[in-house]
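Peer 1: So that we are looking at the same thing, I have put the structure below in structure tokens.
The values are calculated or read from the model by the stated rules, or taken from the named source; none is laboratory data. Everything quoted here is computed from the prediction, not taken from an experiment. For neighbour counting, all protein chains shown are included, and Cβ atoms are generated from backbone atoms with ideal geometry for every residue, glycine included. Protein only, heavy atoms only, side chains kept; ligands, DNA and RNA dropped before computing areas. Shrake-Rupley method; radii C 1.70, N 1.55, O 1.52, S 1.80 Å.
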Amino acid sequence: MGELLFITGTDTGVGKTIATAALVCGYTASGRSVAVYKPTQAGLEDGQGDSDTVARLAGLESVFEGIRLALPMAPVFAARREGVALPTAADHAARIAELCGAFDVVCVEGAGGLLVALDEAGATLVDIAAATAHPGRFIVVCRAALGSLNHTALTLEALARRGAPVAGLVIGAWPAAPDEIDTDNRAHFGALDVSLLGAIPAGAGALDPADFRAQAPTWLAPPVSA
């Protein structure tokens with residue numbers, strides 16, 4: 001069975017999708033087969049979602065979604081407004097388990113922050129992980145800027161309280177000219193018991209895909225297998 005990673009964030013817009021694409025590049029560069037699963041895509045830009053971004057940047061065909069919603073809002077509210085039923089946590093868990101049997105690595109990218117409800121029962125990404133018949137670990141994508149210490153600590157505490165193992169942290173957008181807050185926060189993250197896997201340069205998502213794939217393995221190290 002493949003290695004299973006759940007990519008979450010301290011908030012929306014922290015860089016989960018670009019971090020997921022970079023992780024994929026690191027794994028594929030080492031010759032491992034990878035699948036990416038997005039349980040709930042909420043919000044499209046010109047008909048494109050996060051999965052499309054991962055596929056384009058990483059050059060990956062094995063990218064899947066549980067459901068795609070057009071409205072850029074919390075999945076439960078988007079689904080209600082669009083008049084569609086959301087898959088359950090069990091539905092997602094079954095699909096993830098299938099992928100784990102077919103690929104060396106499966107990356108599951110959440111929506112928004114850790115505790116965003118992904119179905120009408122209020123199940124979150126942590127609940128999907130718990131329902132999956134395969135052990136998985138979490139990667140937390142955070143910001144470098146002011147406020148990130150608190151948001152990151154809260155996310156790590158929520159995972160710990162739920163017994164969800166953490167594979168590491170990733171800074172989702174490292175500025176070209178970091179200030180004192182950025183550098184102090186990065187040093188703080190590097191001193192935690194949780195591994196700091198690396199940092200994605202700000203604007204990396206705008207790179208030509210070939211350049212992205214060439215550079216991504218230097219930005220972060222995929223977590224050591226459990």
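Peer 1: Could you identify the single residue in A55, A78, A102 that is within 30 Å of V224 (Cβ to Cβ) and touching a Gly at 6+ places or on another chain (Cβ under 9 Å)?
Peer 2: Selected residue: A102, the only one of A55, A78, A102 that is within 30 Å of V224 (Cβ to Cβ) and touching a Gly at 6+ places or on another chain (Cβ under 9 Å).
Peer 1: Against the condition among the small types (G, A, S), open to solvent by 20 Å² or more (accessible area, probe 1.4 Å) and touching a residue at least 60 places away in the same chain (Cβ under 8 Å), how does G83 come out, does it pass?
Peer 2: Here the answer is no, as G83 does not meet what is asked.
Peer 1: For the stretch 86-130, name all the residues that are more than 26 Å from L71 (Cα to Cα), in contact (Cβ under 8 Å) with a residue 60 or more places away in the chain and either touching a helix residue (DSSP H, G or I) at 6+ places or on another chain (Cβ under 9 Å) or open to solvent by less than 20 Å² (accessible area, probe 1.4 Å) (or both).
Peer 2: L99, C100, D104, V105, V106
Peer 1: Hey, another quick one. Does A42 satisfy the criteria of being open to solvent by 20 Å² or more (accessible area, probe 1.4 Å), under 21 Å from A204 (Cα atoms), modelled with pLDDT under 95 and not aromatic (F, W, Y)?
Peer 2: no
Peer 1: Answer with yes or no whether R80 is at pLDDT 95 or above and closer than 16 Å to G122 by Cβ. Write out each step before concluding.
Peer 2: Working: at pLDDT 95 or above: yes; closer than 16 Å to G122 by Cβ: yes.
Criteria met by R80.
Peer 1: Within the set of pairs 6+ apart or on separate chains, which have a first residue in the stretch 148-162 that is under 15 Å from H188 (Cα atoms), a second that is modelled with pLDDT of 95 or more and surrounded by 15 or more Cβ atoms within 10 Å (Cβ to Cβ), and C-beta atoms under 6 Å apart?
Peer 2: That search, which allows pairs on different chains as well, returns S148/C142; S148/N185; H151/T10; T152/T10; T152/C142.
Peer 1: Anything in the stretch 196-214 that is hydrophobic (A, V, I, L, M, F, W, C) and touching a residue at least 24 places away in the same chain (Cβ under 8 Å)? List them, or say none.
Peer 2: Matches in the stretch 196-214: L196, L197, A199, I200, A202, A204, L207, F212.
Peer 1: Next question, about the same structure. For residues that are open to solvent by 60 Å² or more (accessible area, probe 1.4 Å) and among the acidic types (D, E), scanning just the stretch 45-64, find the one that is nearest to A21 (Cα to Cα).
Peer 2: Only one residue tops the list, namely E61.
Peer 1: Could you tell me which residue of the stretch 1-59 is farthest from V116 (Cα to Cα), considering only residues that are assigned to a helix (DSSP H, G or I) and β-branched (V, I, T)?
Peer 2: Here the answer is T28.
Peer 1: Considering the stretch 136-164 alone, what residues qualify as being surrounded by fewer than 14 Cβ atoms within 10 Å (Cβ to Cβ), part of a loop (DSSP other than H, G, I, E, B) and on the phi < 0 side of the Ramachandran plot?
Peer 2: L146
Peer 1: Would you point out which residue out of A173, A210, A133, A199 is open to solvent by 70 Å² or more (accessible area, probe 1.4 Å) and either of a type in the set (K, R) or under 26 Å from R32 (Cα atoms) (or both)?
Peer 2: A133
Peer 1: Would you check which residues across the stretch 165-195 are without any contact (Cβ under 8 Å) to a residue 60 or more places away in the chain and assigned to a loop (DSSP other than H, G, I, E, B) and list them?
Peer 2: Result: P175, A176, A177, P178, D179, A191, L192, D193, V194, S195.
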